[in-house]
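The values are calculated or read from the model by the stated rules, or taken from the named source; none is laboratory data. Remember, it's a predicted structure, so these values are computed and weren't measured experimentally. Cβ sites come from the backbone with ideal geometry, for glycine too, and all protein chains shown count toward neighbours. With ligands, DNA and RNA removed, areas are computed over all heavy atoms of the protein, side chains included. Shrake-Rupley method; radii C 1.70, N 1.55, O 1.52, S 1.80 Å.
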Amino acid sequence: MFRTRTILRCQRQLSRAYATAAPPHALVFLEHRQGVIDSGSLSALTAAEQLGGQVSALIIGGKDHVQDVVHTAKKLKGVTSVLHSSSPQYVHPLPETLSPLLESLLSKSSSFTHVVSATSSLAKSVLPRVAAKLDVPAISEVTSLSHDKASNSTTFTRPIYAGNAIATVRAPASIPVKFFTVRSTAFSPAQLQEGAEAEVVAVNPVQVNDPVTEHIKTTIAKSDRPDLGVATRVVSGGRALKNAETFEATLYPLADVLGAAVGASRAAVDAGYADNSLQVGQTGKVVAPELYMALGISGAIQHLAGMKDSKLIVAVNKDPDAPIFQVADVGLVADLFQVVPELVKKLKT
Ligand SMILES: Cc1cc2nc3c(=O)[nH]c(=O)nc-3n(C[C@H](O)[C@H](O)[C@H](O)COP(=O)(O)OP(=O)(O)OC[C@H]3O[C@@H](n4cnc5c(N)ncnc54)[C@H](O)[C@@H]3O)c2cc1C
């Protein structure tokens, strides 16, 4: 692991004039599903609070769900105001319909100094779009930050090269609005705070006529198991599991007895053993559970990028030289088809 240092500079003249020493005021985009705030957005709130200034939460959606989310958001620790906007166009928000609203909120008179979000697929599209319109950079997958009020600069760390290096990136005062997405495993989710009651402000939606994209349908993989992204225990399988039937027959009993979510390597997903949504790694989900079990997974760097921050890593692999053993806290050189059923039996007694 090595560290690199990069200074971001805004090369072109900024069109907007801002007070250089404006106190931090973060606008945090809160995503929710059916009225429940996503855990990643709660982590984004914690990151925003660490800037040491005001934190405004932005909630969009259809009327019914927005009211529920506002009710929760105004009681969250660190939130100083809640902005909400309802429109049929925000029920299934698309980058094309959300960006104009953000742009209008960041108009000349706004006091926002930072725009923050979880690293979600929506935010990864929206934040760079709006940042580009303002001619400022957007920083992704932030794992820590500090804001220096005197110089009005914010310093971030973010993993690069599949997590093999950490870049330290500074956004100086010349960048009037600093956009960043947050790696949720690096910040604990904001909690409800007794007595907290943030100011609530309704914002007019910005109607987009004839948007270039349209929401057709959302297909959500249904599972009775814990959600992989937030589970405290994860049991993951790799190519060694042979096929979808063996994957299920071997891993699911262990996951059931542990109350764990199921994950998979990309090789297992590509071979059709497991659904795409279960992939852990650089191009899959990033998880950091209390317990991560890697069964028949070699430990390629792209897989490690998604799980190496787990608190306790247990690996079972036939090959004593498998790279997974370099990050494992507990390693067993063995055939998983013998070990896993034995383990399930012992855990059940
Ligand atoms: C741009 C890019 C992005 C990528 N993103 C990801 C990603 O997000 N996630 C990801 O996982 N990969 C990703 N990959 C792929 C990655 O490089 C590896 O190919 C992949 O992780 C390998 O999966 P695996 O460990 O299951 O398979 P293998 O590398 O084939 O390893 C199988 C392991 O199982 C062990 N084994 C075999 N039989 C048994 C047995 N009976 N008992 C115990 N152990 C056994 C073997 O010793 C071996 O170590 C990416 C690659 C690229 C190029």
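Observations
- Criterion: crowded, with 17+ Cβ neighbours inside 10 Å and within 18 Å of residue 177 (Cβ to Cβ) - qualifying residue of 55, 82, 69: 55
- Any chance residue 109 is open to solvent by 50 Å² or more (accessible area, probe 1.4 Å), within 23 Å of residue 22 (Cβ to Cβ), in contact (Cβ under 8 Å) with a residue 60 or more places away in the chain and not in a strand (DSSP E or B): no
- Only one entry of 281, 296, 331, 272 meets the criterion of being on the phi > 0 side of the Ramachandran plot and more than 10 Å from the ligand (Cβ to nearest atom), and that entry is 272.
- Whenever a residue of the range 242-257 is hydroxyl-bearing (Ser, Thr, Tyr), its partners that are open to solvent by 30 Å² or more (accessible area, probe 1.4 Å) and in a helix (DSSP H, G or I), lying with C-beta atoms within less than 8 angstrom and at least six residues away or across chains, give the pairs 250/337; 250/341.
- The set of residues in the range 290-310 being over 15 Å from residue 321 (Cα atoms), in contact with an Asp or Glu (Cβ under 8 Å, 6 or more places away or on another chain) and open to solvent by 30 Å² or more (accessible area, probe 1.4 Å) is empty.
- Checking residue 318 against (1) basic (Lys, Arg); (2) more than 12 Å from the ligand (Cβ to nearest atom); (3) touching a residue at least 60 places away in the same chain (Cβ under 8 Å), the condition it does not meet: (2)
- Residues in the range 85-100 that are within 20 Å of residue 180 (Cβ to Cβ) and either surrounded by fewer than 17 Cβ atoms within 10 Å (Cβ to Cβ) or at pLDDT below 95 (or both): 93 alone.
- The residues listed here are 235, 287, 257, 269; of these, the one that is closer than 27 Å to residue 188 by Cβ, open to solvent by less than 70 Å² (accessible area, probe 1.4 Å) and not in a loop (DSSP other than H, G, I, E, B) is 235.
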